[in-house]
Amino acid sequence: MTATVLRSYFVVLYLAVFAMISLFWGFADTDSAILKLLLIAASASHAALYTLIPVGLTWAVQRINTLVPGLRYPEARILYPLAYLGGSLVLIALYADYRVYTLYDYHLNGFVWNLVSTRGGIDALGATHSTMLTVALQVGAFLVANALTLWGLHYLHHATGRSAVSARSVRYAAITLIIGLCVGEIGHAYSVHTGQEGYLQASDVIPFRFNTTASGTFNRLGIERTALTERRIASGEIAYPGRHLEAKALDHYPNVIMLVGESFRWDLLNPEITPNLWAFSQQALRFDQHYSGGNRTRMGLFSMFYGLYAPYWYSFERQRVAPALMNFLRDRDYQLALHTSQSFDYPELRHTVFTDVPEQYMQELQQGEPWRRDRQNISDLIDKLDQRDPQRPFYGFMFFESTHAPYTFPPEAVIRPDFEPELDYLRMNLQTNIDRIHARYINAAHHVDNEVGRLLDYLKQHNMLDNTIVLFTGDHGEEFMEKGHWGHGRDKVFPEEQIRVPLVLWMPGQAAKVVQHRTSHLQISPTLLTRLGVTQPPLSYSSATDLFTPMPYFVTGGYDYMAVFDEHYKITFPFTGSDYFRYLSNNAQDQALGREDARTVVARYQGTIDAVVEESQRFLRKRSQQAPPIGLVTTCDPKC
């Protein structure tokens, strides 16, 4: 009886898994009937694969019970719980993947595992109590529904003595689906080898798929590879001139204070939302077209401190290589006060931009509402400024968390009263509630501005601005459905809203000015080091010039993709090998180009792309250390 009930249960589970996978079809780009049929077939075969997890588990235990002499137990008592547990885990994993994909356009992957397993990762997500309650209720609903299904099938069989499906039909169906899975994976490998982008883009929505490749086998069979050549870059042993930069000694080194707002996009800088920053920008340098080097905190801050492209992050983090800027400050005996309202472990600032900085100089506040942490951190930073040794230069860093979802703020910071009371990531409707969510973000930015104002007031009252460089920017931007997304970190796309940020820079003795040409986070470190006396050319230790020198193109990146862009086009491609290689081309308004237009644009910019790829490997030991720096040159006039 137990085997008969489980057979019926696994059929029902298969149908539920298939239905769960079908939820992803709405995200697939299927512009032909053939692609639709292939997607359905791939979904059916993968549903069978996932159902095999609890099937295999119960089968293995049943075989042990049969083969081991003297080992006998009531099958229902052990096999029912195993089937229930395995089926529940499969369904919950698929549903979790669906929710993640709906919000962020990627499946459960290494990034999500890193988020869960790294200290401070879950807190950085900003999940509210309402969200956690919804998660608990939905998981509970799956568990209860699954239990009721198994119990109902057991009761039905006990009452009727019959099974709705025969063992033979289940066996034949399973064999057919597994064969279909194998054929589908061969087809996927062939598509990767020959560059069948339509099929690959459609199948990309299937969760937990294998992404099988077999180019070596196809080459041996004489099947010509017509796919684009894969580019895996910035992986290797670092050879980076982080110390002993050529510099002239200064009589007095200025203090340096760097303020960074989480997800702080450029259009927050205005007289209404950020009046203190706006007033300060009228006396300082304001860069109106400034871009982050990444659409995530890791890559954004990495580009700011190192002046290097996003792909380098992985090797620098693994090898714990500090940036030239921080080494220079420490070598000049700067007093350090590093503050964050998030964590130095997630993102891994402790292993990158602040590598080797003694712990007593690092303060991370992770308890309480983010707006309270920001307020406390600014108060503590002001106290340290008050207690500093005036005979030594001072370096302060502050990372504001209020403007990260769920966007927190005190009552007195409300300038948009029509805001969403609380963000529930699983229940909120981005289509209907996005304006109210955006209102929360604006209120949070107003609070950050209030705290920046407190710090600026202190610097003014104590006459410190005459000898203090002050910088405010965002690590990256934030999108509110302007281009179809919410938040940031969409790895395959880098819309303006996610990478454009404000930059206000106060340099003692520098006249106020609005800089209209495009600038990048990569230019910040060379600008500061030059101001601090470094005479070595910026391209010898970074991939950019200073902020006052216009660049012909810009580079930004995420975990797996990077983009090369200028005022005309944005070309995106993967660099880690975790996805099949292709170019995604958008115009200046972030609208995707048609395939033929995209090929034309990529061909025109191929020289620029090649230069970026070369630059992304220049600071690796595997390359010749005698090679001259690769300058920022382009081989094609965008108008050609």
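Quick notes on this structure:
- Rg/Rh for the stretch 255-562 stands at 0.94; both radii use Cα atoms, and Rh follows the Kirkwood definition.
- Cα shape, the stretch 286-342, gyration tensor, a/c 1.5 rule: oblate
- For the stretch 521-593 and the stretch 302-364, distance of Cα centres in Å: 20
- For mean projected area of the Cα convex hull in nm², the candidate list reads (1) 42.1; (2) 34.1; (3) 47.8; the entry that matches the value derived from this model is (2).
- The helix-based estimate of mean residue ellipticity at 222 nm for the chain, built from -39,500 (n - 2.57) per DSSP H run of four or more residues and divided by its residue count, is -14500 deg cm²/dmol to the nearest 500.
- Ranking Gln510, Leu308, Leu181 by how far each Cα lies toward the positive end of the dipole of the chain (charges on Cβ) leaves Leu181 at the top.
- Every Cα-Cα pair in the stretch 340-428 was counted, and those over 22 Å apart are 41% of them.
- The stretch 215-284 gives an Rg/Rh value of 1.31, both radii derived from C-alpha positions and Rh following Kirkwood.
- Treating r as the C-beta distance of Gln387 and Ala136 and R0 as 51 Å, the FRET efficiency rounds to 0.65.
- Rg to Rh, two decimals, where the stretch 482-562 supplies the alpha carbon set and Rh follows Kirkwood: 1.02
- Per residue, the accessible area of the chain comes to 43 Å², computed with a 1.4 Å probe over protein heavy atoms only.
- Part-to-part distance (alpha-carbon centres) for the stretch 499-518 and the stretch 443-472, which is given in Å: 16
- Dipole magnitude of the chain about its Cα centre (Cβ charges: Lys, Arg +1; Asp, Glu -1), debye to nearest 20: 2100
- Per-selection Kirkwood Rh - the stretch 406-552 (Cα, Å, 1 d.p.): 18.2
- Relative intensity, log₁₀ I(q)/I(0), of the stretch 246-294 from a Debye sum that treats every alpha carbon as a point, q = 0.14, 0.21, 0.22 Å⁻¹: -0.53, -0.90, -0.95
- Inverse of mean 1/r across different Cα pairs in the stretch 286-380, Kirkwood, Å: 14.4
- Here is what passes the span test in the chain: the DSSP H helices with alpha carbon length of 20 Å or more along the helix axis and a Kyte-Doolittle mean of 0.5 or above are 2-22, 33-67, 75-104, 129-160, 167-194.
- Placing a label point 7 Å from the Cα of Phe548 along the Cα-to-Cβ direction, none of the residues of the stretch 311-340 has a backbone N under 13 Å of that point.
- Positive-pole candidate from Tyr569, Phe480, Phe548, dipole of the stretch 459-569, charges at beta carbon: Phe548
- Residue among Ala19, Gln201, Val144 farthest towards the positive dipole end of the stretch 1-221, charges placed on Cβ: Val144
- Two-site FRET efficiency, Leu103 against Ala239, from Cβ-Cβ distance with R₀ of 35 Å, rounded to 0.05: 0.35
- Maximal additional length on extending the Glu246-Gln367 stretch stands at 39.3 nm, based on 0.36 nm per residue less the C-alpha distance.
- With a Förster radius of 45 Å applied to the C-beta separation of Cys182 and Asp356, the computed FRET efficiency comes to 0.35.
- Gyration tensor verdict on the stretch 1-221 (Cα atoms; rounded if a/c is under 1.5, prolate if a/b is larger than b/c, oblate otherwise): oblate
- Cα-based shape type of the stretch 174-226, given that a ≥ b ≥ c are square roots of the gyration tensor eigenvalues and the cut on a/c is 1.5: oblate
- Label-to-label distance for Gln536 and His517 is 2.5 nm, based on points extended 7 Å past Cα in the beta-carbon direction.
- This model, with +1 at the C-beta of Lys and Arg and -1 at the C-beta of Asp and Glu, gives the stretch 393-515 a dipole about its Cα centre of some 240 debye.
- Between Ile34 and Glu596, the contour length at 0.36 nm per residue exceeds the Cα-Cα span by 200.2 nm.
- Here the chain has 57 percent of its accessible surface on carbon and sulfur atoms, given a 1.4 Å probe and all protein chains in place.
The values are calculated or read from the model by the stated rules, or taken from the named source; none is laboratory data. These numbers were taken from a predicted model, which means no experiment stands behind them. Backbone-built Cβ (ideal geometry, glycine too); neighbour counts: all protein chains shown. For the accessible areas, the whole protein counts, side chains as well, though only heavy atoms, and no ligand, DNA or RNA atoms are used. Shrake-Rupley method; radii C 1.70, N 1.55, O 1.52, S 1.80 Å.
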